[in-house]
Amino acid sequence: MIAALPEGLVIAVQVAHRPPVVRAPDRSKDDVAALVTSVQRGERAAFGGLYSRFHRAVHAVLLARVRAEDARDLVQDVFAQALEKIADLQDPAAFPGWILSMARNRAVDHLRRARPSSEAAEPAIDPPPRVEAMEALRALRALPEAYRETLIMRLVEGMTGPEIAERTGLTPESVRVNLHRGMKLLRAQLDPEGAPADEEAP
Amino acid sequence: MSDDYLWDKTGEPDPEIASLEQALSSLRHEGEWQDPAAATSAASPPASSREPAKVVPIAAARRPARRPLWLAAGGLALAASIALWLALAGSTPPDPPAARTDPTASSPEPLPASNAAPSTAVPSPPAPAQLACSADADGFPFEAAAPVQCAGSPARAGKLPPDTWLETPESTTATLRVADIGAITLHPGSRLRIVRTGPTEHRMELVRGSLHAKVKAPPRLFVIDTRAAAAVDLGCEYDLRIDDQGRTDLHVLTGAVSLEGKGRSAFAPQRTRVVADPERGPGLVLADTASFALQSAAARFESGALGALDALLRAATRTDSVTLWNLLPTGSKGVREKVMARIDQLALRARTIPRDRLLAGDPDTLEAFRTDLEDLLVRRAPQTPHLPGRKAPRTRLPTDPTPKDRKRDAAPTDEKPTDRAPTDSRRDVAPTDSRRDVAPTDKKPTDGKPSLRRRSTDRDATW
């Protein structure tokens, strides 16, 4: 149990531990593959279906790395880039991992181009997020990557575990582990004094 | 803790996760795919967008502009203009008027008895249906940049009579003047009606969406009902939002609001937030500056985890006195004593405020304590959210009293801005002195009248 380890070791584990990434037999794989194939054949309207299924996952990947305002703008960029390159995608069923990878690369590019000082302040977005939202987001961003992305998909984007598995290509088991461990780390981040969480009222 | 809720949102919601979800939902991504090709051809009529999608070779796909949403916004504006034109063209002959009370309302369940309005309210007389929202109707004037639905018919401006629904589409905001006491900005996707209006009360009901209210009126003259609670204005500016689970989220910007429902009430002064649950009524009032640890402990406590009280009290600081004050008269004796211990630990209670009377829930003593806290903290509270790892800056917000305001408010009463350290000596407070209505009178009145003066209503209950 990570939570039972001494504090210093927990940090080391957070940095070193990479949750298992296992490809899953995706239930929606066929649907997604069919949409991808349709787009590759030139049916642009089918791309709207891909967008509606994946925009939150893409946003979560971006939000895990860049400012909230930038993440909103970059979602459209990522999908535009995907539309441009989708003809090159050999395996339509690989679309989930492909577009999320594209989102990660786009975030890295964005951070590389952005001035270092711009990361310090989160600019205003409309509507302005609540203070606790930004505080929680900071804590989420401090988590290891896999936990971070999975938890943002769950807590920010409102996706369920099975949905996350479908949209990321991870197995449901991996997603469950990521959610469980990530939530433990997040609780520790938000309340280091470790309030007793399970003392229920009589 | 069961992981079911974390996994697929089934089972008993974990309060901490639910609290995180609620807070973080404001960052959730919403949007639709804006095809760059469609955006560049936005000049075509919107009807074309309903035609079957054309097959365009992907090789022809162009890289969109850096900010294609701007183009889309332009397209939407054009579409809205055309929709407005079509609506106006289609209104001759006019559509059958909608009923004054919309029977298809998504709507409102009967209000709790505790929300019943005084019988002294004077409802306006009914207007002919076809004139329901015309400028000649009796009601509150409203206007919007694009058509909104008033009594089920599109309108950009007019008057909203009582018992008639005003609905904003997803892209439009409407402004509503509330008698001569203030204004409401009804945000997109909202639904509002006037329940009754009269000299003693202006009561409205929000069943969906959100609004911003700015009211300058005597306390309790303006009320907004929701399914979960009634927001009773005490002279202030606030945001009110109904979330997708029917909870009412109140954020007070200036002044104060009393959120009342399900037999509970919460006093929310400026720069605080309180959420009312449809089943439980108002929860704990939390300052904007409240730490996440406090918020999460408060959520656990509200859901019945008494063990979270210790964490809540541990996380509460002097700037969270509003939370402690609201918590004080609730719960068992043991809970109240714990809260009182924390209040004393933070040196928030003057020696002249009797501990035993506070513990007994004596209304006058609680009121005196609230006023004392207000004096103690209103000018000492951090002006901007305190974020982890940073010192709270001491910049002044537009809503804060200026030195001129302070001088004006203090002039007739000899009240001085309070800026006391926790260990400062405290002003003597008579235990039973209802200081809400009686200002200190140690300055001799110059006009021969007793110096019975309330503070200006819009600042009456500031904290």
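The values are calculated or read from the model by the stated rules, or taken from the named source; none is laboratory data. Keep in mind that this is a model prediction, so the values were computed, not measured. Here the Cβ is made from the backbone with ideal geometry for all residues, glycine too, and neighbour counts use every protein chain on show.
Which pairs turn up if I take residues in the range B:161-177 that are closer than 13 Å to B:G209 by Cβ and look for partners that are small (G, A, S) and surrounded by 24 or more Cβ atoms within 10 Å (Cβ to Cβ) with beta carbon separation below 8 Å, at least 6 apart in sequence or on another chain?
B:W165/B:A151; B:L166/B:A174; B:E167/B:S190; B:T168/B:A174; B:T168/B:S190
Can you name every residue in the range B:233-257 that is farther than 21 Å from B:S291 by Cβ and crowded, with 22+ Cβ neighbours inside 10 Å?
B:D233, B:L234, B:G235, B:C236, B:Y238, B:L240, B:I242, B:T248, B:G255, B:A256, B:V257
Return the residues of the range A:45-61 that are within 19 Å of B:L24 (Cβ to Cβ) and at the interface with another protein chain (Cβ under 9 Å from one of its Cβ atoms); say none if nothing qualifies. Steps first, please.
Looking only at the range A:45-61, we keep the residues that are within 19 Å of B:L24 (Cβ to Cβ), and these are A:55-61.
Residues satisfying the conditions are A:H55, A:R56, A:V58, A:H59, A:A60.
Pick from the range B:1-23 the residues that are over 18 Å from B:D277 (Cα atoms) and within 7 Å of another protein chain (Cβ to nearest Cβ): which of them is surrounded by the fewest Cβ atoms within 10 Å (Cβ to Cβ)?
Our first condition is that a residue be over 18 Å from B:D277 (Cα atoms); within the range B:1-23, this holds for B:1-11.
From what is left, the residues that are within 7 Å of another protein chain (Cβ to nearest Cβ) are B:1, B:3, B:6-9.
Details: B:M1: 13, B:D3: 15, B:L6: 22, B:W7: 19, B:D8: 16, B:K9: 16.
Applying the filter and picking the extreme gives B:M1.
Taking the range B:287-299 as the region of interest, how many residues are more than 7 Å from every other protein chain (Cβ to nearest Cβ) and of a type outside the set (S, T, Y)? Break it down stepwise before answering.
Taking the range B:287-299 first, the residues more than 7 Å from every other protein chain (Cβ to nearest Cβ) are B:287, B:289-291, B:294, B:298-299.
Next, only the ones that are of a type outside the set (S, T, Y) stay: B:287, B:290, B:294, B:298-299.
Qualifying residue count, the range B:287-299: 5.
Surrounded by fewer than 23 Cβ atoms within 10 Å (Cβ to Cβ) and closer than 25 Å to B:E30 by Cβ, is that true of B:T185?
On the way: surrounded by fewer than 23 Cβ atoms within 10 Å (Cβ to Cβ): yes; closer than 25 Å to B:E30 by Cβ: yes.
When the stated conditions are applied, B:T185 passes them.
Just give me the residues in the range B:170-181 being touching a helix residue (DSSP H, G or I) at 6+ places or on another chain (Cβ under 9 Å) and surrounded by 17 or more Cβ atoms within 10 Å (Cβ to Cβ), in sequence order. First the steps, then the outcome.
Start the filter on the range B:170-181 by keeping residues that are touching a helix residue (DSSP H, G or I) at 6+ places or on another chain (Cβ under 9 Å), which leaves B:171-172.
If the condition is that a residue be touching a helix residue (DSSP H, G or I) at 6+ places or on another chain (Cβ under 9 Å) and surrounded by 17 or more Cβ atoms within 10 Å (Cβ to Cβ), then B:T172 is the only one that fits.
Tally the residues that are modelled with pLDDT under 75, in contact with a Pro (Cβ under 7 Å, 6 or more places away or on another chain) and hydroxyl-bearing (S, T, Y), restricting the search to the range B:1-46.
Pass one, the range B:1-46, residues modelled with pLDDT under 75: B:1-3, B:35-46.
From the residues that got through so far, the ones that are in contact with a Pro (Cβ under 7 Å, 6 or more places away or on another chain) too are B:36, B:39.
Now drop any that are not hydroxyl-bearing (S, T, Y), which leaves none.
Residues meeting the conditions: 0.
State which residue is surrounded by the fewest Cβ atoms within 10 Å (Cβ to Cβ) when the search covers only the range A:140-175 and only residues that are in contact with a Leu (Cβ under 8 Å, 6 or more places away or on another chain) and without any contact (Cβ under 8 Å) to a residue 24 or more places away in the chain.
A:G161
Go through (1) in contact with a Ser or Thr (Cβ under 6 Å, 6 or more places away or on another chain); (2) modelled with pLDDT of 85 or more and name the single condition B:K159 misses.
All conditions pass for B:K159, except number (1).
Count, please, the residues in the range B:300-323 that happen to be within 11 Å of chain A (Cβ to nearest Cβ) and at pLDDT 85 or above.
Result for the range B:300-323: 9.
Collect the residues in the range B:154-169 that are crowded, with 22+ Cβ neighbours inside 10 Å and of a type in the set (K, R), keeping them in residue-number order.
B:K159 - this is the single residue of the range B:154-169 that is crowded, with 22+ Cβ neighbours inside 10 Å and of a type in the set (K, R).
Can you name every residue in the range A:63-110 that is closer than 19 Å to A:M159 by Cα, touching a Lys or Arg at 6+ places or on another chain (Cβ under 7 Å) and in a helix (DSSP H, G or I)?
If the condition is that a residue be closer than 19 Å to A:M159 by Cα, touching a Lys or Arg at 6+ places or on another chain (Cβ under 7 Å) and in a helix (DSSP H, G or I), then A:P96 is the only one that fits.
For the range B:171-183, what are the residues that are farther than 18 Å from B:A135 by Cα and at pLDDT below 90? First the steps, then the outcome.
Step one: list which residues in the range B:171-183 are farther than 18 Å from B:A135 by Cα, which gives B:171-173, B:181-182.
Scanning the range B:171-183 gives B:S171, B:T172, B:T173.
Does the range B:245-254 include one or more residues that are closer than 22 Å to B:T200 by Cα and either within 14 Å of chain A (Cβ to nearest Cβ) or small (G, A, S) (or both)?
Within the range B:245-254, the subset closer than 22 Å to B:T200 by Cα is none.
Scanning the range B:245-254 turns up no residue that is closer than 22 Å to B:T200 by Cα and either within 14 Å of chain A (Cβ to nearest Cβ) or small (G, A, S) (or both).
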